[in-house]
Amino acid sequence: MLSNRVYIAGQKASFVAQLAAILERNGFVVVGSTDSANEAKRRCTELYPDIFLTMQRLRDGTGSETAEILQDIAQGVVLLDPDSAGLVTESSSVVYLQMPVHQEILVNTMNVLSRVGGRVHSLTDRISELETSIRDQKQINRAKGLVMQLFAMTEEEAYAFLRKVAMNRRVKIAEAALIVLSEYEGGKDGRG
């Protein structure tokens, strides 16, 4: 399922309501709106919308300043500005659209950000899983090396030793490696 939760910031309540209606007709869920930069920052850190849509002029700040802060919270940021056209910032998470913006362009931009944001989120999760796997493998290898050294075992015997510790303690092998490392590192060999 695509990410589609949107928070809107803009000074003109009627225009914000119009944007919300357009987005909701096109499958987006508007989780809130405000005319304040400070309120937008506060609410977005609570709600974590997928997309932050803002006008440049806000009651107590600018949309571009707010967008820079919120680009790390929302998967995408759309800034509607009468003075800019189709710009994408270095981070690629802030898209500038010149006002007045055609409804189709706005919806298509939001859909693209939604797809890209969902893919980025998925890749971020995968990277985290891989980092955990690498860290676990390093711990297992360190524990195998320690067991091989302390008990004159082959690599296969050391791995079997770790598996036995994991089964006996009912933990994953990476956790068993940590247990072995904490019990045997630093010259303690458990004998004696």
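No value in this document is a laboratory result; all are computed from the given coordinates. None of the values given here were measured: they were computed from a predicted structure. Here the Cβ is made from the backbone with ideal geometry for all residues, glycine too, and neighbour counts use every protein chain on show.
Quick one: if you stick a label point 7 Å off each Cα along the C-beta vector at HIS102 and GLU175, how many nm between them?
5.8
Please work out the FRET efficiency for the pair VAL112 and GLU65, using the Cβ-Cβ distance as r and a Förster radius of 25 Å; give the result to the nearest 0.05.
About 0.55, to the nearest 0.05.
Kindly provide log₁₀ I(q)/I(0) values, in the same order as q = 0.13, 0.18, 0.19 Å⁻¹, from the Debye equation applied to equal alpha-carbon scatterers of the chain.
Those come out to -0.67, -1.06, -1.17, one per q.
Please return the longest range in the chain lying between exposed loop sites, taking GluC sites (Glu not before Pro), DSSP loop only, at most 16 other beta-carbon atoms within 10 Å, and leaving the sites out.
The reported range is 91-184.
Determine the sum of side-chain charges near LEU23: Lys and Arg each +1, Asp and Glu each -1, restricted to other residues whose C-beta is under 12 angstrom from that of LEU23.
Once all neighbours under 12 Å are counted, the net charge is 0.
Where does the longest stretch of the chain lie that holds no trypsin sites (Lys or Arg not before Pro) found in a DSSP loop with 15 or fewer other Cβ atoms within 10 Å?
60-169
Apply the Karplus curve 6.51 cos²θ - 1.76 cosθ + 1.60, θ = phi - 60°, to the phi angles in the range 149-155 and return the couplings in whole Hz, x for Gly and Pro.
Values, residue by residue: 6, 5, 10, 6, 9, 6, 4 Hz.
Pull out the extension gain between GLU129 and LYS164, defined as 0.36 nm times the separation in residues minus the alpha carbon to alpha carbon distance; nm, one decimal.
Gain on extension, GLU129 to LYS164, equals 10.1 nm.
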